[in-house]
Amino acid sequence: MIDQIKPAFLAILVLLSAAACQMTPSESPRVQAEPAVDAELDDDSVIGVFPLQSSAVETLIAQAEQQLAAGDLEAAERTVEEAIGLAPDDTALWQQLAEIRLRRGHYNEAISAAQHSYLHGPQVGPLCEKNWRTIAESQQLAGWADAAADSRQRAEQCRVKARPRL
């Protein structure tokens, strides 16, 4: 019985190895030993750590930035939404979507995207602060001054002093 299992097991291993060799470089994820770090530390706040992005997402972000520069907010929004479809856990993309929706005057949708970014993000540091400032601006423009004031306070709470190093 064991003699019959060994050849079958070896055949499966050979097939799996052959299938792995046929992957193209674009199909395999990029791997980096350490996370990318956004070091905006001039305000003594925390360091923002963000995941690496696939080349497809990077291409879409570059395309969205070109569309924004050209003033095509609708196309930029669609492009960022496409990028989110590829990387739904990327909270920076959700924040970028919120900012575009704010510029388009879609305040409720901007608030929703910024809240998603906040709830799934670090909840402290530069991205957190951007989330709450976007929410506050959207609320202010929508006529909700009291809510906007509360959101500006929440933005300030995102700033955390770095601990002294010993």
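Any read-out appearing in this document is the output of simple, stated calculations on the displayed coordinates, not a laboratory observation. Everything quoted here is computed from the prediction, not taken from an experiment. Positions of Cβ are backbone-derived with ideal geometry, glycine not excepted, and every protein chain shown enters the neighbour counts.
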**Study point:** Long-range neighbours under 8 Å by Cβ, at least six apart or interchain, first residue surrounded by 14 or more Cβ atoms within 10 Å (Cβ to Cβ) within segment 64-77, second of a type in the set (S, T, N, Q) and part of a helix (DSSP H, G or I)
**Key:** A64/T79; A64/Q96; Q67/T79; L73/Q67; A75/Q67; A76/Q67
Review point. For segment 120-151, how many residues are more than 19 Å from H106 (Cβ to Cβ) and either within 19 Å of the chain's Cα centre (by Cα) or buried (at least 16 other Cβ atoms within 10 Å of the Cβ) (or both)?
Key: 10
Study note, to complete from the structure: Filtering segment 120-136 for residues that are within 10 Å of E99 (Cα to Cα) and acidic (D, E) leaves a count of 0
Check your understanding: Of the residues in segment 107-166, how many are among the acidic types (D, E) and over 25 Å from D89 (Cα atoms)?
Key -> 2
